[in-house]
Every structure is written in C-alpha cells, then in structure tokens.
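What follows is a set of notes on a single structure, which appears directly below.
The values are calculated or read from the model by the stated rules, or taken from the named source; none is laboratory data. Note that the coordinates shown come from a computational prediction; the quantities given were computed from them, not determined experimentally. Here the Cβ is made from the backbone with ideal geometry for all residues, glycine too, and neighbour counts use every protein chain on show.
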Amino acid sequence: MIFNKSSTEQGDAVIATQAPCSIAPVTVPQYLESTYWWAYTHPNAVRVFERQWLVNLILWGNFSRLRDLALQEMGDVINGDVLQVACVYGNFTEHLVHRLGPQGHLNVIDVAPVQITNLHAKLGEQKQVTVLQQDSSALNFADASHDTTVVFFLLHEQPAEVRLKTISEALRVTKPGGKIVFVDYHKPKASNPFRYVMVPILTTLEPFAMDLWNGQIADWLPSDCQNLALDKQTYFGGLYQKVVITR
C-alpha cells in the first residue's frame, strides 16, 4: 500500500537526484501525482506514513516477516551490487544496508524527490549506498549491472503498462544468474477473511492493485524471459506473495 516512493555529498555517501549519465530530467509520472499524492509525493505524506508501527499495521502485522523473506534471498552477508527499486516506508532499507559486506553496494532509486529526501534522513551517512532519482520504468543503469534487484510493494501501485516496463527493466539490469525479488499483494484464499476486507480498501485507494489479484507477475514478463526459473510463495492466507526470478 504505502511503501513506495540535489546532487550533494554527505560524508562519503553519494546522494543524487539522477544518474550521472542521465540525458533528460526525471519527472514524477502523472499517474503517481494524481493517484498517490496523499501517500508519496506530498511532503505531509512522509510525516504521516514514516512510522514503523503504521507500515506494520497497513500490512496487518506482516511487515517484518515480508521484509526478512525478501532479504533472505540475498543472504546474510551481501557482497555484490544490489538495486532497490523505489524507496520504502519503514526500516526495509536499513536492514538491507546492515547486511552489506565489505564488497557490497546498494543503489536505491525513486522517482519522487520527497521520498529520496526521506531516505537520506533515515540512512544518514552510508559509504556503500547510492541514492538516485530515476523512474523504475526507464532505469539509467547498464545491462547486467546488478547481482540482485529487489522490488518491494511497488508493482501494485503502477498501471499495467508501467508495471510491464518496470519488470522488464528489473530483468535487464540484473546479471545472468542473479535474482530479481518481488514482494507484493496477491489474491487471498476464499477462506481468508481479509479477502473481503481488502477489496474495498484496494479498489478505493489502490486502483491498480487488483491487477495482482486477477493476474500473475509471470504474466508481465517480457516474451524473451518466459522460460526463466521462477519461484513463487504466498503468505498470510495468500494475501501476499514473494516471487523470485533467477536471470
């Protein structure tokens, strides 16, 4: 629900609004401004939603579990290059940073400047982290430039055409043999009472989220990636899913 979204230096931490080789300035997409201004792009959004207890409540007490399930895919010590696609309310990025080994590096991108500013405030000085303003549907990274790419509760916030591009870009920038880790909503089992609670919430506040109930992440893979190894697990009566694709 609420998890996603000036070139300066703070100590050794590199902080930038866009990648050094950007050709055009990054703009906040219209769908994000019109649909999620209250959650991501308005300055008051951060003041309201950047609370660990609140993000945990939004996920019905499952934030820590889902965070750790995603991070476990990267190992206890991460020594490769990791890309986190979109900032996250709560302590997801902090826990990821704590796993970085001596040769580990984390790139975090987000299209919303207010989210980048918020992440700077949460992380402070970090030698092994680079934060960039980029659009997930048009990443400014080279092909096969990351060992792992993680997309944590972002896909449900995007229209289908943007979601397709985001998934394609995540695959493109991940090295052969590397992992792309998706955690997001999923259609619950019929016996799960939250199935009936979530329908009015998602249809009212998250107009694109029902796509993940009516389809599969595999449905949005590029045609040349249909045969990649894919592992899918569901949690909390099927309300959430983790999909891991090996490039």
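Among the conditions (1) out of contact with any Ser or Thr (no Cβ under 8 Å at 6 or more places or on another chain); (2) modelled with pLDDT of 95 or more; (3) among the small types (Gly, Ala, Ser), Gly80 misses just one, which is (1).
For the range 43-57, check the following and say yes or no: at least one residue is in a loop (DSSP other than H, G, I, E, B) and either of a type in the set (Val, Ile, Thr) or crowded, with 20+ Cβ neighbours inside 10 Å (or both). Taking every residue of the range 43-57 in turn, none turns out to be in a loop (DSSP other than H, G, I, E, B) and either of a type in the set (Val, Ile, Thr) or crowded, with 20+ Cβ neighbours inside 10 Å (or both). The set of residues from the range 24-58 being in contact with a Leu (Cβ under 7 Å, 6 or more places away or on another chain) and more than 16 Å from Phe153 (Cβ to Cβ) comprises just one member, Thr41. Counting the residues of the range 72-117 that are more than 15 Å from the chain's Cα centre (by Cα), closer than 20 Å to Ser136 by Cα and in a helix (DSSP H, G or I) gives 3.
Filtered by the rule that a residue be crowded, with 16+ Cβ neighbours inside 10 Å, in contact with a strand residue (DSSP E or B) (Cβ under 8 Å, 6 or more places away or on another chain) and over 23 Å from Trp37 (Cβ atoms), the range 173-220 gives Val173, Thr174, Lys175, Gly178, Lys179, Ile180, Val181, Phe182, Val183, His186, Trp213, Ile217. Has the range 145-164 got at least one residue that is farther than 19 Å from Ala70 by Cα, out of contact with any strand residue (DSSP E or B) (no Cβ under 7 Å at 6 or more places or on another chain) and in a strand (DSSP E or B)? Checked the range 145-164: no residue is farther than 19 Å from Ala70 by Cα, out of contact with any strand residue (DSSP E or B) (no Cβ under 7 Å at 6 or more places or on another chain) and in a strand (DSSP E or B). When the range 70-96 is filtered for residues that are of a type in the set (A, V, I, L, M, F, W, C) and buried (at least 17 other Cβ atoms within 10 Å of the Cβ), the ones remaining, listed by number, are Ala70, Leu71, Met74, Ile78, Val82, Leu83, Val85, Ala86, Cys87, Val88, Phe92, Leu96. Return yes when Val244 is within 28 Å of Asn107 (Cβ to Cβ) and among the aliphatic types (A, V, I, L, M) and no when it is not. Yes.
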